[in-house]
Amino acid sequence: MRSFYRGCTLVSLLALGAGFAACSSGSGGPAPTGLAQSALTPATSCDDVEALLRERLKQNTIESVEAARKSALQQLENGCVWYGADGGVAAASGSSAAGGPVSAPTAGGGGEDDGAAKEYSTTNTQEADVDEADFIKNDGEHVYILAHGQFQIFDAWPAADIHRVASVAIEGEPKKLFVHEKRALVYSSLSPSSSPDGEGPYYPRAECTYGYDCEFTGDGTPLLVTELDISDLTAPAVVRTLKFSGSFLNARRIGNAVHTVVASPEPTVEGLSTWPEGLDICTLSGQGVNPSTVAAVNSAYDKLVEKNIALIDAAPLDVQMPAVEDTLYRDGVAAPKSHDPFASCENFYLSNTGDGQSFLSVVSTELGTDALGQTTIVGRPGAVYATADSLYVASRHQYGQTVGWFYEDGDTTPDATTIHKFALSERAAPSAYLGSGVVKGRVLNQFALSEHEGYLRVATTTGHLPDPDTHNTVASLKQEGGELVVKGMVDHLAPGEDIRSARFYGDVGFVVTFKKTDPLYTLDFSNPESPRVRGELKIPGFSTYMHMIDEGHVMSIGYDADDQGDFAWFQGIMLQIFDVTDLDAPTLAHKEVIGTRGSASDAATNHLAFNYFTQRGLLGIPMVICEGGSGGEFGDTMTFSGLLVYKVDPAEGFTSVGGVPHPLPDTNADPYSASCGNWWSSATSFVKRSVFMDDYVYSVSEDEIRVANIGDLATPEAIVSLVP
C-alpha cells in the first residue's frame, strides 16, 4: 500500500469510518457553513461517548503519524538530516521513538469603631448579581482569603485593629473561593505526583485570565471543592468535599447556587508512537531515494498506524471518564456518597466539529445542601461568560486542527468560535442545554461576549498578526429554537489589527484593536439585527480592560506604545478615560502613563485585580513600576512595588492619591522575580488585590495585608502576615 504523504490519503485507505473521510487540508473545496455542526448531540449512553473518543483519538494519531511520515521522507531525501520546527538542523536518530500518548493538536478617618464599614468594594464582576470566584472576598467587616494553603478569616474592621480570627488548612493548593450566607466554598488544585506519562514531576499550567496567547483549559490538576460552615467565624467546619478528576476552569455564584465549570483531561492511550520501531532512516538514506527505500518508509508507517489504531480499539477509555467523589461531614465524620452523577453519562453532549476530545462539565451545587447536578460536553473547553439566567461556553477552533473544517472556506476564514448556551437554575440541577451557534474568528476572553435583551453580542478576531488579512468581527446572535443564529454583523473591522479588549454596556459596545496605534471603536446595538460602527478614535497604545464610569465615560487600563512605523513597542502601564457621550465622535479625555517598558500590573490582564470603588470614585491597582526602559529595552530599575490609588473624575481625570508600598524584592535572593521584564500579555505584580472600606484601603500581596488610610497611604496603620 503506497502512502507517500498526501494529506488524508492514508485515512481513506484504512477505511476507519465516515468520520475520517474528510481531510483537514481541505482539497475538496470548502465545507458548508457549520451552524448544524456547532450543535451538540445528546449521548444516549456511555457507549456513544466512548465511540466519539476513539474516533477522535484515531484521527489525532493519524494526523501525528502523517506529520512524522512527511518528516521521515524529507530525512530520506536530505541524507539523514531533518529540519526542526525552529529551523535548526539535527541528525536523524535512526530507530529512536517519539513515544507517549498522542493528543489533539493545540494550537482620613474611618466609620464606626465597631460593626462593619458603611461602604466597601467587592469583587469586580462582569455582570451585576453574578459573583465570580476569586482568592479574596469581604463583607465590609471581615476579609476571607486563601493564602499559603489555608482559608483565613480576618476581622478587618475597625481597620487599624485587623487581626486573624481563624485559619483552616485546605488540602492541595487553594486558589479560589465564594463566601455567602455563612458558607464558604473553596476551590483547590490537587497536583499529581508525576506527569501524565509518568516521566518526572507534573507542573500545572498557569491560569489563563486574559486569553490573548493562552487557552482556557484549566491547570490540568484534579479539583477539590471544600464547603465550610462559617456560622462561627472562629471555628470554620468542613461540611462537604467534592473531588473531581478534572480541573477548575471557571465558576459563577447566583444566590445560593454555585455553577462550576470543570475541564477534564483528554483521554490518552499508552504505547502510541509516531516513529516506527526499527526504522533506520540513515541506513535507507545511504541507499538513495528510490522506489524501494520510499516503500520501506511508507510500509513502516502504514504498520505503525495499524498498530496505533489497534491500541486505541483495545484501550479501556471508560476509566478516563469524568468522575467525582462526594463526601459529606457530620460532626467531623465523613460519609461518602455512593452516587456519581457522571457514571451513566446522563446529560452528556457530543460535539460535531471534528476536534476536541476533552470533557467540559457545568457542575451545579447549592450552598447548605447535598444536591449535585452536572451537564457535560465532549469537545473543546473555552471562555466562560454568564448572566443570572444563562451560561455560555465559547470554544475556539482553528483550520487545520479539525477533521473536516465546518466554517466556510478555511483558507479565508481560518478561525471560528462555537458558542454553547446553558440555562442556569437556582437549584443544584443539571443545566439545560439550550442551543449552539458559530461565528467567524476567535474570542479573546469572557468580555468578548455579552447578552442584552435576548441578543448575544460576540467580538472576534480572524487571523494572526502580522498577516495583513487579519481582521475583526462583531456579531449579534439570537436563540431560535435550539440554534444561536447570527442576526447582524459588523465585519472586517480594523483590518490588519487584532482585538486587545472588548466591553458591552446596554446597547453600546466598545472594541479596542492594535498593531501600532489604539483604535477605539464605538458600536451601536440599538437595533441588534443591524449593528453599526458609530465612531473611531486612534491614539498610541492599547487597552486590555475597559470599565464604565458612567453612561458617557469609559475608563481603561493597558499599555502605552512607541510607534516604530510598521509596528510599535509596548511601554509603561497606561490609564485612560474616554468621553463617549457622542458615540459618533469619541475622544480621549485623560491619560496617565505609569513607568516605562517592564512596568506591570495584574489588573492589566486580570479584571479581578482592577478595583474601582464607585462610591468614592477611587481606583486601586497593583503596580510594579520600572524606570529606564525605552523602545524594546525593558527598564532596569524597579522604583515601586505596591498598590497605587487614584481619584477618578470624568472632568478632572486621574489624581494620584499615593501608593501603599510593599518591600521591593531582594535581587540577591531572587534576581528573576526582581527583574523588570514583564511581558504585556502575562503581566504580574507582587500586590495582587485590594479592598476599600470607607476611608481605608487594604493592599494584598501573597504574604501580607497592609492597611492604610486614604489620607496617608505611605504609612500603613496595620500590617498582618498571611504566612502561617
* Among Phe654, Thr473, Leu713, whose Cα sits farthest toward the positive end of the charge dipole of the chain (+1 at Cβ of Lys/Arg, -1 at Cβ of Asp/Glu, about the Cα centre)? -> Thr473
* **Rough spin-label spacing in nm, given labels placed 7 Å along Cα→Cβ, for Asp467 and Ser292** => 4.5 nm
* Asked: Of the GluC sites (Glu not before Pro) in the stretch 465-534, which ones lie in a loop per DSSP and count no more than 14 other C-beta atoms within 10 Å?
  -> Glu529
* May I ask you to compute the full-extension gain from Glu536 to Glu119, defined as 0.36 nm times their residue separation minus their alpha-carbon distance, rounded to one decimal in nm? => 146.4 nm
* Once you sort the root eigenvalues of the Cα gyration tensor of the stretch 328-481 as a ≥ b ≥ c, which label holds: rounded (a/c under 1.5), prolate (a/b larger than b/c) or oblate (the other case)? -> prolate
* Taking amide H positions as placed 1.01 Å from N in the peptide plane, with prolines and chain starts having none, which residues 5 or more places from Arg534, or on another chain, fall under 5 Å of its amide H? -> Thr522, Leu523, Asp524
* How long is the gain from Ser675 to Leu233 if the chain were fully straight, where each residue apart is worth 0.36 nm and the alpha carbon distance is subtracted? -> 155.1 nm
* Structure fact -> Cα-Cα pairs in the stretch 599-683 separated by more than 22 Å, as a whole percent of all pairs, come to 32 percent
* Label-to-label distance, nm, for residues given as Asp280 and Ser344 (7 Å Cα→Cβ offset) -> 5.9 nm
* So how long is each side of the stretch 147-266 along the principal axes, counting just the alpha-carbon atoms, biggest first, in Å? -> 49, 31, 29
* Structure fact -> Ranking Glu702, Glu451 from most to least accessible area with a 1.4 Å probe gives Glu702, Glu451
* Asked: Going from most exposed to least, what order do Trp275, Trp157 have by accessible area with a 1.4 Å probe?
  -> Trp275, Trp157
* Could you give me the ³J(HN,Hα) list for the stretch 542-551, computed from phi with Karplus coefficients 6.51, -1.76, 1.60 and θ = phi - 60°, whole Hz, x at Gly and Pro? -> 7, 9, 9, 8, 10, 9, 6, 7, 8, 4
* Report the calculated FRET efficiency for Asp48 and Asp566 (r = Cβ-Cβ distance, R0 = 56 Å), to the nearest 0.05. => 0.65
* To do: Express in nm, to one decimal, how much length is gained between Asp155 and Asp129 on full extension, taking 0.36 nm for each residue of separation and deducting their alpha carbon distance.
  => 6.9 nm
* Asked: Of all DSSP beta bridges in the stretch 262-421, what percent run antiparallel (nearest 5)?
  -> 90 percent
* Average accessible area per residue (Å²) across the chain - probe 1.4 Å, nucleic acids and ligands excluded -> 39 Å²
* Of the options Met546, Pro519, Val533, report the single residue whose Cα projects farthest towards the positive end of the charge dipole of the stretch 510-569 (beta-carbon charges: Lys, Arg +1; Asp, Glu -1). => Val533
* Point-charge dipole on Cβ atoms (K/R +1, D/E -1) for the chain, about Cα centre, debye to 20 -> 1600 debye
* Got a sec to turn the phi values of the stretch 211-219 into Karplus ³J(HN,Hα) couplings, 6.51 cos²θ - 1.76 cosθ + 1.60 with θ = phi - 60°, whole Hz, x for Gly and Pro? -> x, 5, 10, 9, 10, 7, 10, x, 8
* To do: Quick one: pull the percent of accessible area on the stretch 402-525 belonging to carbon and sulfur, 1.4 Å probe, ligands and nucleic acids left out.
  => 48 percent
* To do: Towards the positive end of the charge dipole of the chain, with charges on Cβ (+1 Lys, Arg; -1 Asp, Glu), say which of Gly620, Gln287, Ser681 has the farthest Cα.
  => Gln287
* Förster radius 35 Å - calculated FRET efficiency between Gln615 and Leu588 (Cβ-Cβ, nearest 0.05) -> 0.85
* What FRET efficiency, computed as 1/(1 + (r/R0)^6) with R0 = 60 Å and r the Cβ-Cβ distance, is obtained for Ala310 and Val657, rounded to the nearest 0.05? -> 0.30
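The values are calculated or read from the model by the stated rules, or taken from the named source; none is laboratory data. Model, not experiment: these values are computed from the prediction. In this analysis, Cβ positions are derived from the backbone assuming ideal geometry, glycine residues included, and neighbour counts consider all displayed protein chains. Calculation scope for accessible area: heavy atoms of the full protein, side chains included, ligands and nucleic acids excluded. Shrake-Rupley method; radii C 1.70, N 1.55, O 1.52, S 1.80 Å.
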